Amino acid sequence: MRSQWESAVAPVLSDAGLVVSENAEPAYGGRFGRHPAALAELLEGMQLVYNIDPSAKW
């Protein structure tokens, strides 16, 4: 599955000037609320209104 992912993603990353590290390992646990600090901070900002008022209507 990783090779299929790399085949699809590598050209996009290359166009953006990025590369996937050979030692990159998948991160698991996001669905259980375990996120790296940078992502946790971003999610907190995105969920701010809901956390203030879960009944808010858009």
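None of the figures in this text is laboratory data; all of them are computed from the coordinates on show. In this text the structure is predicted, and so the values were computed from the model without any measurement. Ideal geometry is used to build each Cβ from the backbone, glycine not excepted, and the neighbour counts take in all protein chains shown.
Quick look at the values:
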quantity	calculated
Note, ³J(HN,Hα) from phi for the stretch 44-58, Karplus 6.51, -1.76, 1.60, rounded to Hz, x at Gly and Pro	4, x, 6, 9, 4, 5, 4, 5, 6, 8, x, 8, 4, 10, 9
Unit charges on C-beta of K, R, D, E only; dipole of the chain, Debye	240 debye
Residue among Gly17, Gly30, Gly45 with the largest mean-square fluctuation in a Gaussian network model of the chain, springs linking Cα atoms under 10 Å	Gly17
Gained length - Leu43 relative to Ser55, 0.36 nm times residue gap less alpha-carbon distance	2.4 nm
Expected 222 nm ellipticity per residue - DSSP helices of 4 or more, -39500 (n - 2.57), all of the chain, to 500	-14500 deg cm²/dmol
Per-selection Rg to Rh, the chain - Cα, Kirkwood hydrodynamic radius	1.14
Using θ = phi - 60° and Karplus 6.51 cos²θ - 1.76 cosθ + 1.60, couplings along the stretch 28-41 (whole Hz; Gly, Pro as x)	10, x, x, 5, 9, x, 9, 10, x, 3, 5, 6, 4, 5
